[in-house]
Structure formats: C-alpha cells, structure tokens
Amino acid sequence: MKKILKSTLAIVAVFAVFTSCNNADKSSNSGALSSNNAEKVYVAPGEHDSHYAFISGGYSGNLTVYGLPSGRMFKEIPVFSQFPTNGYGYSEETKPMLETSYGFVPWDDSHHPDISQTKGKLDGRWVFINGNNTPRIARISLTTFETEEIIEVPNSAGNHSSSFITENTEYVVAGTRFSVPVPQKDMSIKDYKGNFKGALSFISVDPEHGHMDIKFQVLMPGFNYDLSHPGRGKSHGWFFFTTYNTEEANSLLEVNASQNDKDFIAAINWKKIEEYVNNGGGTMMPTEYAHNVYDDDTHTATSTMKKEVRVVNPTEVPGAVYLIPTPKSPHGCDVDPSGEYIVGNGKLSANLTVHSFTKMLDAIKNEKFAGEAYNIPILNFEDVLAGSVEQPGLGPLHTEFDGKGNAYTTFFISSEVVKWKLGTWEVIDRKPTYYSVGHLTIPGGNSAEPFGKYMFAMNKITKDRYLPTGPEMEHSAQLYDISGDKMELLLDFPTHGEPHYAAAIPAEIVKNNSRKIFKLSENEHPKKALSDADTKIVRDGKNVHVYMTMIRSHFSPDNIEGVKVGDKVFFHITNLEQDFDVPHGFAMIGARNAELLIAPGQTRTLTWEPQKVGVWPFYCTDFCSALHQEMQGYVRVSPANSDIELSWSLGE
C-alpha cells in the first residue's frame, strides 16, 4: 500500500512540475517583452531595418542615425562639434563649418531634427537640426549623410523653437528661447520687461540645392519661445509657437514665470509677412552672422560673415500675428496631419488642450479679441477651443499623430505615453515609460502623411534599465508597435548624448539615394592628387605642402625628408579607392588636432607642426586590408637651420 501511495505521489509531483512549466511558458509568452515581441524587432544578419531614425545628440552637438525596429546605431553625424572619429572640425576643409560671429565654436547643444517635405510628405532629401547654445541651423544631406551647411542665427539666444520646416520646405524656422536686447547693448537685467525681444527667424531653403538664407526675422515681445510647428493643409501659411514666461520675469523663473493662468501660442501668418517683405517691407538691421557652406565637388567648406538681416515689427503687418491663450508653461506645439488641430501641451495643466484652426480664423474675422499684448491681438480662449482631453496624465510635453485619427502624448511627471482620439478627445490607451519621458517620434508624425507603425519615446533617466556604467549612463529610448488598437512595448535601446527630439522615415525613401563613393573624375579639390604620378611636395617659406595619395595598402610618398622644426606641414591626402565603404585613415605622431578618415575619392588636409628633431611615423588608422599594418610611412624632421633639401620617395 505504501509503495502504491509513493508511486501515486510521484506521478502527481511529476504532473505538477510539467503543469507549472507549461504555466510558466504561457506566462512568459504573455509578458510585455515576450519572444513574439522579440521577433518583431529582430533583423536577421544581412537584412535591413525598415526605417531610419535621426536622433538629436543634445550636448554632443551631433546627430545619430539608428535603424528601426532593431534599435542599432549606424552612424554619428558630426554637425556642431569637432569629431575625432573622422576629423570633422579638425581638417582644413571642415574647420570653416564651425566658424561663428563669436569665432571658432566647436560645440553646441542639438535638439530638434526635422526632415524635408514636399507637399506635406517626407521627401528624404535633407535633415535640418538646431544648435541651441550658439544659435545655428544646420542642413545635413541624406545623400552623403554629411553636414553641408550651417547658418548662424543673429538676434537670438537659446535657439530652441527650431528647426521645424514648412510643407514644401519653403522655410526652416528658428525661434529664440531666451529673449534679449535687440540689438544687443549694455543694460540692466532688471529692465527686462518691455525692452527685451524674442526673434522668430524664417530661413528660406532653395528647392533644388537646399541652400539657406535668412529671409526675415519677426521681433516679438520678450517671452520665451519654446517649441513650434507649421500649419499644414488648411492651415498652410501659418506657423505656431508655444510661449512661456509671458510674465517677462528675469529671475527664479520656476516661480515667477508660472504666475499667469495661461501663456500663449503665437500664430504667425508667414505668407502675409512674406508678401510684405517681398514688397520691400521690414528694416535692414546691422548685425554679424556666419554662413558656412560645404561643397561636395571641392570637398571644402567656406565661411562667409554676413553683415545685416531684415527684421519685421509684427505691428507693421496687420493680421499677421495673433496670440492664442493656452494653459500655462506649455512645451510642445503640435499640429495634426489635417492642419485643423493645434495641441498646446501645458506642463502645469490637468487637461490637454486642443485649439481649432477653423475657430481661430472665425474669431479673427469677427474680431473676438480678449485684449492685446504689445499691440498684438489676443484671442478669447473659449472661441478657439476645439476640446480637451480630460486628466490624461501629469506633465504633458509633446504630441504626434499616426495618420489614423489618433494622437500620442508624452507625460513627463507620470512617465507614460497616452493615446487619445482626435475629435472625441477620449483616452484609448496608456503605456508606462522608464523614466521621465521627454519627446516621442512617429515616422512622419509631424507631417501630412505619418507612417503609423512604430513610435519611440525618448527618456531622460535610465537607472536600472541597463548594466550600470558609473554615475552617468546613456539615455534610453523605448520602441512601441502602434499598428494595433493598443500600444505594445517592443524594445529598450540606449541613445547617445541627450536626445530631445527625433525624426524618422521609411528606409526605402532614403537608402537608394545614398552616395557610395566620390568619383575621382569629379574631384575639384585644388590640392588633389589623382594618381601616384601627381604626388609631390612643395615648400612655400615655412609652409610645406604634401600632395599625397592613399590606396590599399600604401601612401605615396611614404618617405619624406627635408622637413624642419618650425615648419607647418599640410598633408593634402586623396583616397584613390573607388570601391564602396573603403575609407582610409591618416594619423601623424605629435599632431595636435585629430586623425583623418577619408572616404573613397575624397581629399582631406591635416596640418602638422613638428616640434622635435627625429624620424616620425604616420599610418592608416582604418583597417583596410590584410596588409593594413604595412600601410605606413616616415617623415624626417631636421633642425630649423638644416640645409637638407626636400625629398620624397616610394618603393626606393
């Protein structure tokens, strides 16, 4: 009997084990990060991601390129910061990109990328991004994935409300965060109110080449202009900016800039101002700002200092500027794909407020004004209210749209993304984020035609999400599938610098236009050498110019003599490769700048000032072939009073 009982208990125990295992399997499959979700982000070896994501680098000053859904970082594009990885900002050709009216500024704080559009749709030609600290706007080519142009923004400080572009990339807009005296002058800070101004800059973009030029600046009251977006569809021709500190406080803003019950969304009819300017309106104001342009043919940037800019007083153009009251301390200013709804994300509001463009026009037509601020009409809040999302979360920051009638808003304090319905204002879904989410991005989510499959949220704090790396960790992004009724968390992935905003686009719009090489036949660099026969060394006083080539696996020349202490040596190096993804590097011992990474067919220049007598090596830094280690050379440096003549050789 005891044997039977033991056998029965054993069978029950085994059954229990199998049952618990099966239950465990079922439980794991139903989790937020189940194997099914893992499959959704898996990109097999050799396969490509379906989307590019261009994520701002914040205080890195750069732009990072990720793939979705994998979350893999493919590239960091240097924009406003020197970049030792490839010598951007160190090579003679790229140093001019970082010139400003303040001098050479090799750093910035990049916040908001935006992709060029045609008829309201992403066209994948360029990405624009702002430099927040030293006010600048950059244009990055999505053919070469390199920064092609940077324009400084005068009369501005804290270039935060940028860079956002109109439906046909007519303008990229840059709004100032910190109001300042315009023009700048020595005055008491306590006289801020009524004397400081905020500049909203409309920078025209050439439709063929993308070249930028400041068309006009609107000088606004001294509020803080936080974020902006253009009208689209029915509201094309308008631009909307959130403002805070309408109190015009200049100290302890966390208290003094939160006194008013409502701040404003500034509605700017740029079409009306454009017409006014085209007819000679506005005033040319003396100022200084740098305009830096990189040429793909010469592989060289030039910097031009401009001396004046056209400014417009909004009271000079009746009907061009209005103020819409919105719940206080708003951050995002977001326009839905139809152009009807303008979302003001009031950080200190219990509700999420949506304004109506149609009602705004009606209120303007019928002059339903609540008053004015500095002679700019203020509309009645109720007259332009489309609706409110009731108590959706705490601390709304930013909203984007999926093109299916839904909106998605980040809530910084309650650390979540909330999905709600346009028109009915009902909350449909909410998902937690980790932690303190800032912006979110839907591919095309701020265009007329979003691609509503993925959404990713960019979070500020990463603790306990990844392996610890000391007191500072990279920030975090979280990818969600939004193709169904409910958001589904798919992936966490780290992001470099401090991302604020990002722009994303289906890969098929961009990848086939990506440049593979620079053709040697099109190289117009004045110091190029297109074959070993072109190599030479020329002395011009104490300047020594080395015309050098590189190809797997040698430099030409690779032995140089006759250089002296006190000389300034310019290595003009051309990569003769005409094969995709075969760059070569160049590093010189004792160089005080950086190494160079030179793309196939490209010419780059490194400057070296030898300090010591001796024989000093240079070498290729990028592993290029089985004989990469053999890709090296020497420079003999003689005393300053030496009479040794310049000579060079290869294979002798």
Tabulated pairs, the range 366-381, first among the polar types (S, T, N, Q), second open to solvent by 50 Å² or more (accessible area, probe 1.4 Å), C-beta under 8 angstrom, 6+ apart or interchain: Asn375/Thr315; Asn380/Lys368; Asn380/Phe369; Asn380/Ala370
Ala587: open to solvent by 10 Å² or more (accessible area, probe 1.4 Å), assigned to a strand (DSSP E or B), on the phi < 0 side of the Ramachandran plot and among the small types (Gly, Ala, Ser), yes or no? yes
Any residue in the range 256-268 that's free of Cβ contacts under 8 Å to residues at least 24 places away in the same chain and more than 24 Å from Gln217 (Cβ to Cβ): show its pairings with residues that are of a type in the set (Gly, Ala, Ser) and open to solvent by 60 Å² or more (accessible area, probe 1.4 Å) at Cβ separation under 8 Å, as long as the two are six or more apart or on different chains. none
Restricting attention to the range 517-529, which residues are open to solvent by less than 100 Å² (accessible area, probe 1.4 Å) and among the charged types (D, E, K, R)? Glu522, Lys527, Lys528
With the condition kept exactly as written, say whether any residue in the range 153-161 is under 30 Å from Lys511 (Cβ atoms) and under 14 Å from the mean Cα position of the chain (by Cα). no
Sole residue being charged (D, E, K, R) and surrounded by fewer than 22 Cβ atoms within 10 Å (Cβ to Cβ), chosen from Glu400, Glu390: Glu390
Within the range 408-435, considering residues that are surrounded by fewer than 17 Cβ atoms within 10 Å (Cβ to Cβ) and among the hydroxyl-bearing types (Ser, Thr, Tyr), the one modelled with the highest pLDDT: Thr424
Candidate set: the range 230-255, residues that are of a type in the set (D, E, K, R) and in contact (Cβ under 8 Å) with a residue 24 or more places away in the chain; chosen: the one farthest from Gly120 (Cα to Cα): Glu248
The range 540-557: number of residues that are closer than 17 Å to Gln602 by Cα and either within 38 Å of the chain's Cα centre (by Cα) or assigned to a loop (DSSP other than H, G, I, E, B) (or both): 10
What are the residues in the range 248-300 that are open to solvent by less than 70 Å² (accessible area, probe 1.4 Å), in a strand (DSSP E or B) and closer than 30 Å to Thr605 by Cα, if any? Tyr289, Ala290, His291, Asn292, Val293, Tyr294, Asp295, Thr300
Of all residues in the range 483-500, which are open to solvent by less than 30 Å² (accessible area, probe 1.4 Å), assigned to a loop (DSSP other than H, G, I, E, B) and more than 16 Å from Met73 (Cα to Cα)? Met487, His500
Can you pull out the residues in the range 166-194 that are crowded, with 24+ Cβ neighbours inside 10 Å and among the hydrophobic types (A, V, I, L, M, F, W, C)? Val172, Val173, Ala174
Boolean, Asp362 is over 26 Å from Gly282 (Cα atoms), under 31 Å from the mean Cα position of the chain (by Cα) and of a type in the set (D, E, K, R): no
Run down Asp226, Asp213 and say which single residue is within 24 Å of the chain's Cα centre (by Cα), part of a strand (DSSP E or B) and either surrounded by fewer than 19 Cβ atoms within 10 Å (Cβ to Cβ) or without any contact (Cβ under 8 Å) to a residue 12 or more places away in the chain (or both). Asp213
What do you reckon, is Val637 open to solvent by less than 40 Å² (accessible area, probe 1.4 Å), at pLDDT 95 or above, closer than 25 Å to Lys95 by Cα and part of a strand (DSSP E or B)? no
Within the range 121-143, does at least one residue satisfy the condition of being more than 19 Å from the chain's Cα centre (by Cα) and open to solvent by less than 30 Å² (accessible area, probe 1.4 Å)? no
Looking at the range 329-342, I want the residues that are on the phi > 0 side of the Ramachandran plot and assigned to a loop (DSSP other than H, G, I, E, B) and have a partner that is of a type in the set (Ser, Thr, Tyr) and open to solvent by 10 Å² or more (accessible area, probe 1.4 Å) with Cβ atoms under 8 Å, at least 6 apart or on another chain. Which pairs are those? Ser329/Tyr244; Ser329/Ser258
Yes or no: the range 83-100 includes at least one residue that is in contact with a helix residue (DSSP H, G or I) (Cβ under 8 Å, 6 or more places away or on another chain), hydrophobic (A, V, I, L, M, F, W, C) and in a strand (DSSP E or B). no
Scanning the range 341-358 for residues that are within 13 Å of Asn446 (Cα to Cα) and open to solvent by 10 Å² or more (accessible area, probe 1.4 Å) gives Tyr341
Give the residues of the range 590-606 that are open to solvent by 10 Å² or more (accessible area, probe 1.4 Å) and either more than 30 Å from the chain's Cα centre (by Cα) or among the small types (Gly, Ala, Ser) (or both), sorted by residue number. Gly590, Ala591, Ala594, Ala599
Residue within the range 307-322 that is in a strand (DSSP E or B), in contact with a strand residue (DSSP E or B) (Cβ under 8 Å, 6 or more places away or on another chain), in contact (Cβ under 8 Å) with a residue 40 or more places away in the chain and surrounded by fewer than 21 Cβ atoms within 10 Å (Cβ to Cβ) present: yes
Is it true that some residue in the range 259-277 is within 26 Å of Asp191 (Cβ to Cβ) and in contact with a Cys (Cβ under 6 Å, 6 or more places away or on another chain)? no
For the range 70-108, give me each residue that is over 25 Å from Thr621 (Cβ atoms), open to solvent by 10 Å² or more (accessible area, probe 1.4 Å) and either of a type outside the set (Gly, Ala, Ser) or modelled with pLDDT under 95 (or both). Glu99, Tyr102, Val105
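Every residue, every condition in (1) more than 24 Å from Glu76 (Cα to Cα); (2) small (Gly, Ala, Ser), yes or no:
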residue	(1), (2)
Asn130	no, no
Ile140	no, no
Pro154	yes, no
Gly158	no, yes
Asn168	yes, no
Val172	no, no
Gly175	yes, yes
Asp186	yes, no
State whether one or more residues within the range 533-555 are open to solvent by 30 Å² or more (accessible area, probe 1.4 Å), of a type outside the set (Lys, Arg) and in contact with a Phe, Trp or Tyr (Cβ under 6 Å, 6 or more places away or on another chain). yes
The residue from Leu200, Leu219 that alone is crowded, with 24+ Cβ neighbours inside 10 Å and within 26 Å of the chain's Cα centre (by Cα) is Leu200
Among the residues of the range 285-304, is there at least one that is of a type in the set (Gly, Ala, Ser) and free of Cβ contacts under 8 Å to residues at least 40 places away in the same chain? no
Check Lys197, Lys190 and return the single one that is charged (D, E, K, R) and within 19 Å of Asn375 (Cα to Cα). Lys197
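The values are calculated or read from the model by the stated rules, or taken from the named source; none is laboratory data. The model shown is predicted, which means the values in this text are computed figures rather than measured ones. Cβ: placed from backbone, ideal geometry, glycine included. Neighbour counts: every protein chain shown. What goes into the accessible areas is simple: the full protein's heavy atoms, side chains included, and nothing from ligands, DNA or RNA. Shrake-Rupley method; radii C 1.70, N 1.55, O 1.52, S 1.80 Å.
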